[in-house]
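Shown next, in structure tokens, is the structure this report addresses.
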Amino acid sequence: MRWCRPTVADMALATRAVPRPSTLATLWRSTIGKKTVMAVTGVVMLLFLVAHMLGNLKIFFGAGDYNAYASWLRTIGEPALHHGWFLWIMRVGLVASVAGHVVSAWQLSRRDLAARPTAYVHRRPRASYATRTMRWGGVILALFIVWHILDLTTLTVNPRAEPGHPYENVVADFHNWYADVIYLVAMLALGLHIRHGFRSAAQTLGAVTRRGDRAFRIAGNVLALVLTAGFVAVPVSVMTGVLN
Amino acid sequence: MRLTLRIWRQPGPDADGAMTTYEVDGIAPEMSFLEMLDTLNERLITEGEDPVAFDHDCREGICGACGMVINGRAHGPERTTTCQLHMRHFADGDTVDVEPWRAAAFPVVRDLVVDRSAFDRIIGAGGYVTVPTGSAPEAHATPVPKPAADTAFEHAECIGCGACVAACPNGSAMLFTSAKVVHLNVLPQGAPERESRVLDMVGQMDAEGFGGCTNTGECAVACPKGIPLPSIAAMNREFLRAARKAPR
Ligand code: HEM
Ligand code: FES
């Protein structure tokens, strides 16, 4: 048994023999700090997704508009930035965010599972579906990100694979039933992830107060719905023939 | 009233345990859950068996010693401590599962008794204010704003029973630690140690092997004293602020 036996050293105050680690070390070594990494990277990815979803919707203005929008993305920041650099800067930031998010999720999840080694014999449903599926839903999102890049960025697995013609590539893609299934499942997973994740990030970053709690929950649900609906609109429109 | 109890029996810290079934008769609705267990234990003693070991002290819901998971819920179906849970919340003929708090940081000592001294060490790491001893200070020397006093009082209600850890799927002690940090950090008396308190208490909490927070909210539902979930956000705020300042 490990009874608490405070020593004089435990009680000593104000005078620390060892100086405190730096801010970054304090953060990375603590559960709260790692959770902060998840929250910040999550919000970065979330902001990207809002812009990405809105951009996708340009597809409803036709092939000309959509393809012009895609080539405009490569000109952002010119002439200060070289052609296409803006996209590369975004990509580096997003890859760093995914990496930070996944590494923290992995480390924290292992720690969490170890902290509750024995399950209760009397089981009962715990927490909401969105909360319970954060880990496996996250894995689905990670796999989706890989597939999505191979499909519409590198065009490796795209059925049409015509560089510079995203409209045609997207429409060809969603004529495949398996592309639709992958996309729909991933976007449902995304909605669930954000439903829990948005309020969770607000809590982690200390933004939640007793009065503001409800507002964060509602905002998370609205964001989840809007993003899922906005992303799903494209494959559904191809499937139903609205886009061709 | 008659109940079928399935209780976790484990003779020692390293021994194997198992759920053991007992029939208990003659339970009055006004009995507390602990009195019901006393009834069972009297019988076990007269039959020459080992009584069921459980922690208890005040039996009036203020010490935090009692605590067991009843039908999968910390302290059972009502928002109160096990000692204040009355048998009228159960129906004649019910089967009731009774298990100890489950968390790596709360090892089972025997039956339903767990070692919660990890909480004591978290308190030891910073859950105090440093004051000079001697005569009582002048009451008006340190004015405390009313909202701060209310917040401090609400969080001081935490009795350290460990229900939050027991209820959390990650065995996390965030709600407990946040209650202690918020209680002292909101007061002017706690201000001089504001940063070191939260850094040291969170450091100790992590070192004890408690899990992290995934914001499931189970802790705040289980808390017999109603410590609210946003208190964890308040502690996160204090922690991030202190980490930024990286004090000595
Ligand atoms: C790459 C694959 C991903 C994995 C493996 C993953 C995994 C996780 C896990 C395990 C959590 C913690 C769950 C909890 O606390 O209950 C989490 C939280 C979160 N995720 Fe993800 N996720 C991924 C992708 C994303 C994406 C694309 C976004 C962008 C919207 C996102 C946004 C968030 C947010 C905002 C949180 C809350 C952070 C916090 O609790 O402070 N995640 N993620
Ligand atoms: S015995 Fe003291 S709180 Fe239950």
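The values are calculated or read from the model by the stated rules, or taken from the named source; none is laboratory data. Being a predicted model, the structure only gives us computed values, none of them experimental. Cβ atoms come from the backbone with ideal geometry, glycine included; neighbour counts cover every protein chain shown. In case anyone asks, the SASA skips ligands and DNA or RNA and just uses the protein heavy atoms, side chains included. Shrake-Rupley method; radii C 1.70, N 1.55, O 1.52, S 1.80 Å.
The table below gives the values:
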| quantity | calculated |
| --- | --- |
| Residues located in the range A:53-72, provided they are under 26 Å from A:L225 (Cβ atoms) and open to solvent by less than 50 Å² (accessible area, probe 1.4 Å) | A:M53, A:G55, A:N56, A:I59, A:Y66 |
| Scope the range B:52-66; condition away from chain A (no Cβ under 14 Å) and either within 12 Å of ligand 2 (Cβ to nearest atom) or assigned to a helix (DSSP H, G or I) (or both); matching residues | B:F54, B:H56, B:D57, B:C58, B:R59, B:E60, B:G61, B:I62, B:C63, B:G64, B:A65, B:C66 |
| Selection within the range A:50-78 - acidic (D, E) and not in a loop (DSSP other than H, G, I, E, B) | A:D65 |
| Residue within the range A:89-106 that is open to solvent by 80 Å² or more (accessible area, probe 1.4 Å) and more than 23 Å from the chain's Cα centre (by Cα) present | no |
| Subset of the range B:143-162 that is within 13 Å of chain A (Cβ to nearest Cβ) and not in a loop (DSSP other than H, G, I, E, B) - its residue that is surrounded by the most Cβ atoms within 10 Å (Cβ to Cβ) | B:H155 |
| Residue match in the range B:19-39 (condition: more than 23 Å from the chain's Cα centre (by Cα), polar (S, T, N, Q) and away from every other protein chain (no Cβ under 14 Å)) | yes |
| B:K225 of a type outside the set (S, T, Y) and within 16 Å of ligand 2 (Cβ to nearest atom) | yes |
| Every residue from the range B:175-227 that is within 9 Å of chain A (Cβ to nearest Cβ) and of a type in the set (S, T, Y) | B:S196, B:T214, B:T216 |
| Residues satisfying the stated conditions in the range A:114-132, i.e. without any contact (Cβ under 8 Å) to a residue 60 or more places away in the chain, surrounded by 13 or more Cβ atoms within 10 Å (Cβ to Cβ) and more than 7 Å from chain B (Cβ to nearest Cβ) | A:R132 |
| Selection count, the range A:27-52, where residues are open to solvent by 30 Å² or more (accessible area, probe 1.4 Å) and of a type outside the set (K, R) | 14 |
| Near pairs, Cβ below 6 angstrom, 6+ apart or cross-chain, from the range A:85-112 (without any contact (Cβ under 8 Å) to a residue 12 or more places away in the chain) to any residue that is open to solvent by less than 70 Å² (accessible area, probe 1.4 Å) and small (G, A, S) | A:D112/B:G211; A:D112/B:G212 |
| Hits in the range A:133-156 (condition: assigned to a loop (DSSP other than H, G, I, E, B) and open to solvent by 70 Å² or more (accessible area, probe 1.4 Å)) | A:T154, A:T156 |
| Qualifying residue in the range B:82-103 (condition: in contact with a Lys or Arg (Cβ under 8 Å, 6 or more places away or on another chain), away from chain A (no Cβ under 14 Å), acidic (D, E) and part of a loop (DSSP other than H, G, I, E, B)) | yes |
| Residues being outside any helix (DSSP H, G or I), touching a residue at least 12 places away in the same chain (Cβ under 8 Å) and open to solvent by 30 Å² or more (accessible area, probe 1.4 Å) - total across the range B:18-51 | 10 |
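For every residue, the table says whether it meets (1) modelled with pLDDT of 95 or more; (2) open to solvent by less than 50 Å² (accessible area, probe 1.4 Å); (3) over 13 Å from the mean Cα position of the chain (by Cα).
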residue	(1), (2), (3)
A:A189	yes, yes, no
A:H193	yes, yes, no
A:R210	no, no, yes
A:A224	yes, yes, no
A:G230	yes, yes, yes
A:V236	yes, no, yes
